[in-house]
Amino acid sequence: MQQIQPRNIAISIILSIVTCGIYSIYWFVCMTNEVNALANPPKQTSGGIAFLLTVITCNIYGLYWAYNMGQNLDIAASQRGQMVQNRGVLYLILQLVIPIVAYALMQDTINQLIDAKTY
């Protein structure tokens, strides 16, 4: 398994805007795979499949994905002895309104979990 590296959130947002959303697809896939590696949930959906399902269902799966990412990040945090914050609902609401903010908050949590040196 490869080492997960923290991602610069500001650069990711800028690249998503400059590339008209193409980088955000890559970011979506990478975040999904990273959270799967951090939390190791029993039912994992790879980043590519999650993106494909999001496109096929006209973002309905994307809403489920956002909630599920919050749940998996809470699992990863609890595995590392950190406080669980029930992030799922927040990410779901942000995915409905401003998805890039949801991505940024998810990436911030991933970076914190990576920096905890307990991975």
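Of the residues Asp108, Asp115, Asp74, the one with the largest accessible area comes first in the ranking Asp115, Asp108, Asp74, computed with a 1.4 Å probe on protein heavy atoms. Peptides 60-67, 9-16 ranked from most to least packed, by the mean per-residue count of other Cβ atoms within 10 Å: 60-67, 9-16. Counting only protein heavy atoms and a 1.4 Å probe, the chain has 56 square angstrom of accessible area per residue.
Span-like helix check, the chain: qualifying full DSSP H segments, with Cα axial length of 18 Å or more and mean Kyte-Doolittle of 0.5 or more, are 22-39, 99-115. Look at the dipole of the chain built from charges on Cβ: of Val84, Val18, Asn59, the Cα furthest out on the positive end belongs to Val84. For the range 30-53 versus the range 56-119, the spacing of their alpha-carbon centroids is 12 Å. The eigenvalues of the Cα gyration tensor, multiplied by 5 and square-rooted, give the range 55-119 an equivalent ellipsoid with semi-axes of 23, 11, 10 Å from largest to smallest. Using Cβ point charges alone (K and R +1, D and E -1), the dipole size of the chain about the Cα centre works out to roughly 100 debye.
With both labels modelled 7 Å from their Cα along Cα-to-Cβ, the Ile60 to Gln44 distance reads 2.8 nm.
The values are calculated or read from the model by the stated rules, or taken from the named source; none is laboratory data. Model, not experiment: these values are computed from the prediction. Cβ coordinates were reconstructed from backbone atoms using ideal geometry, including for glycine residues, and neighbour counts include every protein chain displayed. Heads up: the accessible areas ignore ligands, DNA and RNA and are worked out on the full protein's heavy atoms, side chains in. Shrake-Rupley method; radii C 1.70, N 1.55, O 1.52, S 1.80 Å.
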